[in-house]
1. Please determine whether any residue of the range 68-77 is in a helix (DSSP H, G or I), at positive phi, buried (at least 19 other Cβ atoms within 10 Å of the Cβ) and at pLDDT 85 or above.
2. Is it fair to say PHE118 is of a type outside the set (A, V, I, L, M) and surrounded by 19 or more Cβ atoms within 10 Å (Cβ to Cβ)?
3. Pick out the one residue from LEU69, LEU76, LEU96 that is free of Cβ contacts under 8 Å to residues at least 40 places away in the same chain, hydrophobic (A, V, I, L, M, F, W, C) and in contact with a Gly (Cβ under 6 Å, 6 or more places away or on another chain).
4. Test of understanding: among THR50, THR34, THR59, THR80, which residue is β-branched (Val, Ile, Thr) and modelled with pLDDT under 85?
5. Is one or more of the residues making up the range 110-120 not β-branched (Val, Ile, Thr) and not in a helix (DSSP H, G or I)?
Amino acid sequence: MPKTKIVENEPISENEDLCSKYWCDNGDRWDFFTMITGLLLLIMGLCCSTIEVGYIIYTYRIQCYCVGLWCSAGFLLIGTLAMGLYHYESVPSASLMLFCVMCDLLFGIVMPLIAIAFTIKCGKLNVFYYPITMICILVGLISIVHIFFVTRELLKLRRQFYREG
């Protein structure tokens, strides 16, 4: 997604019109930060599921409420949404951006806090769960930063909407 730009109500020259139509952004079609955020969340989700599945295969039993699997599902969801949100060639709808913020809050902050509580309790019995705890902390921090930037874009859209009206 291109970064939202506040525009004035001035006539647009022909070059600017062509630039906005064909995307004059030096070939960068994605916001680099959000693309990296989505990739990191996807990688962390895969790490959590790999740790949990490896532990299940190693011990032949399920422990700690399969915290690695449900965390990885949430991380993969918000990573996919982050990548999909900024794959647009124009500014996505505000409702989609708001949905991503809500998913970041739920699956990137609330769910990792619950998972941290479980993994600290289970980590006393088995050290395999400490990496999941560290991944949950990192995902929480990344989600906070992502929420900040998406909210900033939403506020720019709101300002633009009221400026036109």
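1. First, the residues of the range 68-77 that are in a helix (DSSP H, G or I): 68-77.
Adding the requirement that they be at positive phi leaves none.
Among the residues of the range 68-77, not one is in a helix (DSSP H, G or I), at positive phi, buried (at least 19 other Cβ atoms within 10 Å of the Cβ) and at pLDDT 85 or above, which makes the answer no.
2. Numbers: of a type outside the set (A, V, I, L, M): yes; surrounded by 19 or more Cβ atoms within 10 Å (Cβ to Cβ): yes.
Yes: the conditions hold for PHE118.
3. Values: LEU69 fails: in contact with a Gly (Cβ under 6 Å, 6 or more places away or on another chain); LEU96 fails: in contact with a Gly (Cβ under 6 Å, 6 or more places away or on another chain).
None of the other options fit; the residue is LEU76.
4. Numbers: THR50 fails: modelled with pLDDT under 85; THR59 fails: modelled with pLDDT under 85; THR80 fails: modelled with pLDDT under 85.
On inspection, the qualifying residue turns out to be THR34.
5. Start the filter on the range 110-120 by keeping residues that are not β-branched (Val, Ile, Thr), which leaves 111-113, 115, 117-118.
Then keep just the ones that are not in a helix (DSSP H, G or I); that gives none.
The answer is no; no qualifying residue exists.
The values are calculated or read from the model by the stated rules, or taken from the named source; none is laboratory data. None of these values were measured; they are calculated from a predicted model. All Cβ positions, even for glycine, are placed from backbone atoms using ideal geometry, and neighbour counts span all protein chains on display.
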